[in-house]
Amino acid sequence: MSKHDKKTKHDKTKEDKTPKDETNEDKTETRSWLEVELADDMDEELEQEVDDARVPPELRALLETHEKTTLDRHTYFKELLRLQGELVKLQDWIQHKGLKMVVLFEGRDSAGKGGAIKRITQRVNPRSCRVVALPAPTERERTQWYFQRYVPHLPAAGEIVLFDRSWYNRAGVERVMGFASEAQVEHFFRDVPEFERMLVRSGIILVKYWFSITDAEQQLRFLMRIHDPIKQWKLSPMDLQSRVRWEQYTKAKEDMFKRTSIPEAPWHIVEGNDKKRARLNLIAHLLSVVPYEEVPHEHIILPNRVFDPHYERHKLPATLYVPQKY
């Protein structure tokens, strides 16, 4: 057999293709491009899911006995996208009607507050839905009226503000860790119901969530943070103390519920052991708080680009570009 008679597998495959196959290939390429564009919109959520699933080697054996979620990924993503679409409609409605909403996120350390906040803010307009996570008060702020440093962050008409921890620090960490005296705590409990009633009377929709997890679940999540360099920044000295003082935090929480869950702004407890269910349940509940409708928008037409036949684009220096390493 001459070398001209020999055919590689690649050459034979090319010859065996029919025009119909080539057409299907073109369609596949076009469809793949569209799928890539749509999938790109989900990358952030997928990255976060991968991050949640990263398991340090030291904890693999422990996780074998850990109760896993019964919610399959397909159902979770389908419901998450549907609920996030409704959040966009809710935001539109709040802007359309000039409403004001404040949502407080409190709870046990590592209970999933941050993950829930990320899913709420993931697809809404950040200009009118913002997160407030204040650091420890400064020396000057410690001399102010306790609620003073929170007031500037309250919403104007058409805005949603999510407080990742709030004025309830005084009823929790400040009380348990001794940063506030019992007299200051008692003063807070007398003031906070009226403060929140004032907010509601001013037209603010106030929603308060407490994220709850079990002792064993918190221990596992803390161990994950200790052994995972990417997550160690989440672990503060106050978090470590929350393990030591678990029962003190429990008593403080129960007292807080008893004295601050008022008809105008009741507490809502989110069971957080299953992160996926907790996120979906919270968003579904938040959507039920405000009756809303879809706001009609004008039909958007993309205008044609204006071309200048006399414009000549100049070549930019290569040093201006970020190196293409990937």
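Values quoted throughout were computed directly from the atomic coordinates according to the rules given, and no laboratory measurement underlies them. Just so it is clear, the structure is predicted and the values come from calculations on it, not from any experiment. Neighbour counts run over all protein chains shown; Cβ positions are idealised from the backbone, glycine included.
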Task: Dipole in debye (nearest 20) - the range 69-289, about Cα centre, beta carbon charges: Lys, Arg +1; Asp, Glu -1 - done: 620 debye
Open item on the list: Around residue 245, under 15 Å between beta carbons, what's the net of Lys plus Arg minus Asp minus Glu among the other residues?
Closed with: -2
TODO: Within 10 Å, count the other beta carbons around each residue, average over each peptide in 156-165, 177-186, and list them highest first.
DONE: 156-165, 177-186
- [ ] Using a Förster distance of 45 angstrom, determine the FRET efficiency expected from the C-beta separation of residue 285 and residue 140, and round it to 0.05.
- [x] 0.75
Open item on the list: I need the phi-derived Karplus couplings for the range 164-175: 6.51 cos²θ - 1.76 cosθ + 1.60, θ = phi - 60°, integer Hz, Gly and Pro marked x.
Closed with: 8, 6, 8, 5, 6, 4, 5, 7, x, 4, 5, 6
Task: Estimated vicinal HN-Hα couplings, Hz - the range 138-146 in sequence order (Karplus 6.51, -1.76, 1.60; Gly, Pro = x) - done: 6, 4, 5, 5, 5, 8, 7, 3, 3
Task: the range 260-326 shape via C-alpha gyration tensor axes, a/c threshold 1.5 - done: oblate
Task: Global form of the range 121-235, assessed from the alpha-carbon gyration tensor, a/c cut-off 1.5 - done: oblate
Open item on the list: Give me 168, 150 sorted ascending by neighbouring Cβ count inside 10 Å, so fewest comes first.
Closed with: 150, 168
TODO: Provide 138, 214 in ascending order of the number of other Cβ atoms located within 10 Å of each residue's Cβ, fewest first.
DONE: 138, 214
Task: Prolate/oblate/rounded label for the range 69-289 (Cα gyration tensor, a/c 1.5) - done: oblate
Open item on the list: Please compute the contact order of the range 185-326 in relative form: average sequence separation of alpha-carbon pairs under 8 Å and at least six residues apart, divided by the residue count, as a percent.
Closed with: 30 percent
TODO: For residue 159, enumerate residues with amide H under 5 Å from its amide H, sequence gap 5+ or separate chain, H modeled in the peptide plane.
DONE: 101
- [ ] Pop out the ³J(HN,Hα) list for the range 313-326 in order, Karplus 6.51 cos²θ - 1.76 cosθ + 1.60 with θ = phi - 60°, rounded to Hz; leave Gly and Pro as x.
- [x] 6, 8, 6, 8, x, 4, 5, 6, 8, 5, x, 8, 8, 10
Open item on the list: Taking the beta-carbon count within 10 Å as an exposure proxy, list 261, 288 from fewest neighbours to most.
Closed with: 288, 261
TODO: Select from 150, 75, 180 the residue farthest towards the positive end of the dipole of the range 69-289; place +1 on Cβ of Lys and Arg, -1 on Cβ of Asp and Glu, and compute about the Cα centre.
DONE: 75
Open item on the list: Show log10 I(q)/I(0) for the range 202-326 at q = 0.16, 0.19 Å⁻¹, two decimals, from a solvent-free Debye sum over equal Cα scatterers.
Closed with: -1.00, -1.25
